[in-house]
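Data first, discussion second: the structure below is written as structure tokens.
Please treat every number below as a calculation from the coordinates, not as lab data. On a predicted model such as this, the values are computed, not experimentally measured, just so you know. Every residue, glycine among them, receives a Cβ derived from its backbone with ideal geometry; neighbour counts consider all protein chains shown.
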Amino acid sequence: MTCERHTSGDLDLYFYDELPSGEREDLGRHLSGCEDCRAALDELHAIRAALASRPDVAAPASGDWSQFMSRLESAVARERSKSPRVLSLVAQPRRRYVEYVAIAALLALVTFSVTLAFRARHVPSPPRAAGSAQHSVPATTKDNSAFAAMSEEHFERSKLVVLGLATKDAAHETPADWEYERELATSLLDDTRLYRLAAEDRGLDALAGVMKDLELVLLQTSLTDAKDPSALPQLQRLIKRRDLIEKMDVVTTTGL
Amino acid sequence: MSADTDLISRAAGGDASAFQALVERHRTMVYRVAYQFAGNHHDAEDIAQEVFIKVYRSLDQFRQDAQLTSWMYRIVMNACIDHRRRYRPGTNAAAGDEAEYRMLNAPEETPGPEDQAYATEIGEVLQLEIGRLPKGQRIVFVMRHYQGMKLCEIAAALGLAEGTVKRQLHAAVHRLREALSQVRVTAGGRA
């Protein structure tokens, strides 16, 4: 019979020194009387020893980094050409559409900030938790305004995925019909994580929560096998269960 | 300001030599994790490339007060997961009540018998088994076992609950334990 301390995963945590000290001592005492757990612990030590005997590979096969570095340099050069980091001393010729996009983004940002400022003056404050600072203004208000604008843009792009998936007829769609959503989900995933972390850093818990739900749906979408006939209905259920469309609507219509 | 944050700051400003120095300082760590995850040079090199391209893209987002290693580990872990997704599509991730748990559990292809024939030593067998682990279990095992990251740190980097990460680790260890038992039976208790 297998001991439940072993099957529960406690023993792994003990081995990796992840148990709180009290539980660790308790399991230590248990080990002295449980042969099953001692054998399991021995196996873990054997696994560690066997893996430690494997060669430590920390460089390309040839041991030479030059090919790796030149490949990376080419990739970075391509990145740089897409969005140059350096303001060269010699003015670079700019494409007109870049200017238009920049102007549009600036206008959107200003408009959104003005809207937020207007709301701040005319909309009653939401109820605060007992003990919170009633009159303190967050030092990051200005940053949060810009962040709110960026988050909103991100939500708008992400809605293409979420609404696209939610409105499809699962019974009649082929994998190719939602390939666009899968690709878009993949491309949005990293940014969503960054936005979530930024929201957490700023203490914007509600926004961080919605970002987390969105991240989960995007990750699930990008990992799912489109050929699996149950995949789309599962994604639709996930979106529904998380109330993701409603939550995104609330954030984009009421701001932060 | 540490050497790393100085390099990041300069690289973010467009200093190519600073970015190169940053890569040179961290490429060994990145490659090691990528190899432990992928088990072969081809994929490890691709993953390491992806990591540094992501680092380049994210230079502006690095907070000066943040831990560089945590930031880098986060990028490495995500690159490992993304790499599998990009080059081996067709996994069976399923949604459900425990989506966070299941989403990283998509099974990989099982290797052919010829792979197993070469796995005569326990270390090799275990290494092969690690390569067969679902990617979620694999990245958690690699970061905990080889890199010594705490489960809470792994959870934070992957955006998962700590309980989920614990289950991933337990599932990975369980499979390695089974592989160990198999090889011991095959070798007649030699191990």
Which part of segment B:125-153 falls in the paramagnetic zone of residue A:2, meaning amide N under 12 Å from the point 7 Å along Cα-to-beta-carbon? none
Run the quick spin-label model on residue A:48 and residue A:160: label points 7 Å from Cα toward the beta carbon, then report their separation in nm to one decimal. 5.0 nm
Set Lys and Arg Cβ to +1 and Asp and Glu Cβ to -1, take the dipole of segment A:167-220 about its Cα centre, and tell me which of A:207, A:189, A:167 lies farthest positive. A:207
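Could you work out the Rg to Rh ratio of segment B:1-83, with Rh taken as the Kirkwood radius (inverse of the mean 1/r over all Cα pairs)?
That ratio equals 0.97.
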Violations at 19 Å Cα threshold for listed pairs A:212/A:240; A:212/A:247; A:82/A:212; A:168/A:227; A:212/B:135; A:159/B:54 -> A:82/A:212; A:212/B:135; A:159/B:54
For segment B:15-32, Karplus-derived ³J(HN,Hα) couplings (6.51, -1.76, 1.60; θ = phi - 60°; whole Hz; x for glycine and proline) come out as 7, 5, 5, 5, 5, 4, 5, 4, 4, 5, 6, 10, 5, 5, 4, 5, 5, 4
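Add +1 for every Lys or Arg and -1 for every Asp or Glu among the other residues with Cβ under 12 Å from the Cβ of residue A:30, and state the total.
-3
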Whole-Hz Karplus couplings 3J(HN,Hα) for segment A:146-159, θ = phi - 60° and coefficients 6.51, -1.76, 1.60, Gly and Pro as x, run 5, 5, 4, 4, 5, 4, 5, 4, 5, 4, 4, 5, 5, 4
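Return the FRET efficiency for the residue pair residue A:169, residue B:42: r is the Cβ-Cβ distance, R0 is 45 Å, and the value is rounded to the nearest 0.05.
Details: r = 41 Å, r/R0 = 0.91.
It comes to 0.65.
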Karplus couplings for segment A:49-64 from phi (6.51 cos²θ - 1.76 cosθ + 1.60, θ = phi - 60°), rounded to Hz, Gly and Pro as x? 5, 5, 6, 5, 7, 6, x, 8, 9, 9, 7, x, 3, 6, x, 10
